[in-house]
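The next block holds one structure in the form of structure tokens; read it before the comments.
The values are calculated or read from the model by the stated rules, or taken from the named source; none is laboratory data. Keep in mind that what you see is a predicted model, and the values were worked out from it rather than measured. We place every Cβ from the backbone using ideal geometry, glycine too, and count neighbours over all the protein chains shown. Quick note on the areas: whole protein, heavy atoms, side chains included, nothing else; ligands and nucleic acids left out. Shrake-Rupley method; radii C 1.70, N 1.55, O 1.52, S 1.80 Å.
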Amino acid sequence: MRLRAVVVNYNGGAEVLGGLRALLASDWPGELEVVVVDNGSTDGSVERIEAELPAVRVHRSPGNLGYPAVNRVVTDLDGVDLVAVVNPDAVVAPDCLRLLADALAIDPGLGAACPLILLDGDYREVAVGLDGTARASLDLLAVEGADRWHLTGPRVRRRWQRGVAWTIGDGSVLRSTATDGTVVALRLRAHEPSRVTLRSGGHEVAVDVDRRATTVSVPLGGPAVPVVQNAGSVIGVHGLGLNRGYHQPDGPTFAQPTDVPAWCGAAVLLRAGYLRDAGLFDPRWFLYYEDTDLSWRGLLRGWRYAYVPEARVRHAHSTTIGHGSALYDVQHESNRLLTVAKCAPAGAARAAWLESVRLVGRQLRGDVVARLRDRRAPEPVLTTRRLRALARALRLLPAVLADRRAVRGGASVVDADLPVLGRWHDPAPGPDDVEQP
């Protein structure tokens, strides 16, 4: 069985070499071809790949084509049975590809097999307790000493206040890769006077906070645990792409194999016949939702996707294009709108676009109108990015609607039977977080 593993590189540095070495070391029983598509890297990574890993075939793109540069080495799949797509900052376990292939071999109706993708590093928790009204929340303005960190929990929402900030509520959790005993400092500001309690392991700190910024420090404690990025993907209401299990500790909840509505492009094994039937990545997507779009197109044609928990990947996650960047915000939102315009029923597509317009209004009221009313300087950054996303989506919409006729016209499954738009029942339910501003 012949497998082609594809990695798209753009200034991947040392991380891409580590990921490629892991692919080359895979316990693969057949022919394994590892290909790098380089999108014009200037950091010397492609030269290092050619010098240090001669077994890797390098294909140089004419420019930065984004994630759909994968298409340049999968248009011709003669003799290829399977295609693995792996991010440059992802490291596959030695048996990962073999386990995914075993799942595909059992069921010819599967177009893709998804591994359990874990965030790179293990994490300790800082739990946030907030003594206030039911809707009380805090602005998290800065975090120091936490190394790599993530937020999850009630009312977590990214906002902009002289830079990236977060709104967090009672029960939110900050997870950090810093070592045991490291002091983590959170700069907080309450929307109304409240008492905040931070707990980590056996450490506990409680302070009163108000609308003046206050720094609260707590030592990290407790066990360090692996944390899930993706245990298969979900297509939620309004076409929102969700990572199943996002930011939850790994454990029995994600130990059971199951069919999932979509796959994550950070690491996936695809059947070559699925790509021939459903098509390749839409080159207009550049970054984000290109995997959701192709997953949805496959669902319409009757393909299914399996989550294989024994197959494992470690992923640094957004090291090339980080959350909070303008590129992330504009591409993420515009590509979601284009995906529903291409794949969703007309009513659902209209509802998603109208909701996006409504969110622009809400962002404008919060970041501009409310701040002016409080005699504070407006922070229109996220409002502007949402408007840019809408403008980009509108510019591409006519061509996408032309493609919609072919995508929807070739469907072999009725919409009511598809596990999309919030209709999928997770056999292992948990609090999913959406990677949206």
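Here's the yes/no breakdown for (1) modelled with pLDDT of 95 or more; (2) closer than 18 Å to residue 413 by Cα; (3) within 18 Å of the chain's Cα centre (by Cα):
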position: 237; (1), (2), (3): yes, no, yes
position: 303; (1), (2), (3): yes, yes, no
position: 315; (1), (2), (3): yes, no, yes
position: 318; (1), (2), (3): no, no, yes
position: 324; (1), (2), (3): no, no, yes
position: 336; (1), (2), (3): yes, no, yes
Out of 160, 166, report the one residue that is in contact with a helix residue (DSSP H, G or I) (Cβ under 6 Å, 6 or more places away or on another chain), touching a residue at least 24 places away in the same chain (Cβ under 8 Å) and not polar (S, T, N, Q). 160
Given (1) part of a loop (DSSP other than H, G, I, E, B); (2) open to solvent by 40 Å² or more (accessible area, probe 1.4 Å), where does residue 221 come up short, assuming only one miss? (2)
Hits in segment 341-365 - residues which are open to solvent by 30 Å² or more (accessible area, probe 1.4 Å) and more than 24 Å from residue 420 (Cβ to Cβ): 362, 364, 365
Got at least one residue in segment 125-139 being touching a Phe, Trp or Tyr at 6+ places or on another chain (Cβ under 8 Å) and closer than 18 Å to residue 271 by Cα? no
Result of the Cβ filter at 8 Å on segment 401-417, keeping first residues that are β-branched (Val, Ile, Thr) and partners that are in a helix (DSSP H, G or I), at least 6 apart or interchain, is 407/297; 407/300; 407/342; 407/343; 413/299; 413/300
Looking at this structure, is residue 270 surrounded by 22 or more Cβ atoms within 10 Å (Cβ to Cβ) and within 22 Å of residue 99 (Cβ to Cβ)? yes
Selection count where residues are touching a Leu at 6+ places or on another chain (Cβ under 7 Å) and farther than 12 Å from residue 426 by Cα, scope segment 240-258: 1
Looking at 176, 233, can you tell me which residue is polar (S, T, N, Q) and touching a Cys at 6+ places or on another chain (Cβ under 9 Å)? 233
Only one of (1) surrounded by 15 or more Cβ atoms within 10 Å (Cβ to Cβ); (2) of a type in the set (Val, Ile, Thr); (3) closer than 24 Å to residue 248 by Cα does not apply to residue 179, and that is (1)
Within the bounds of segment 292-315, is there any residue that is of a type outside the set (A, V, I, L, M), without any contact (Cβ under 8 Å) to a residue 40 or more places away in the chain and open to solvent by 30 Å² or more (accessible area, probe 1.4 Å)? no
Just need a number here: residues in segment 192-205 that are surrounded by fewer than 13 Cβ atoms within 10 Å (Cβ to Cβ) and either closer than 18 Å to residue 123 by Cα or at pLDDT 95 or above (or both). 1
State yes or no: is residue 152 buried (at least 17 other Cβ atoms within 10 Å of the Cβ), among the polar types (S, T, N, Q), in contact with an Asp or Glu (Cβ under 9 Å, 6 or more places away or on another chain) and free of Cβ contacts under 8 Å to residues at least 40 places away in the same chain? no
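Residues are listed down the side, and each one gets a yes or a no for (1) modelled with pLDDT under 95; (2) closer than 23 Å to residue 356 by Cα; (3) crowded, with 16+ Cβ neighbours inside 10 Å:
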position	(1), (2), (3)
376	yes, no, no
390	no, yes, yes
394	no, yes, no
411	no, no, no
Which of the numbered conditions does residue 84 fail, given that it passes all the others? Conditions: (1) small (Gly, Ala, Ser); (2) farther than 17 Å from residue 313 by Cα; (3) open to solvent by less than 20 Å² (accessible area, probe 1.4 Å). (2)
Check on residue 372, open to solvent by 30 Å² or more (accessible area, probe 1.4 Å), in a helix (DSSP H, G or I) and either over 16 Å from residue 240 (Cα atoms) or without any contact (Cβ under 8 Å) to a residue 12 or more places away in the chain (or both): yes
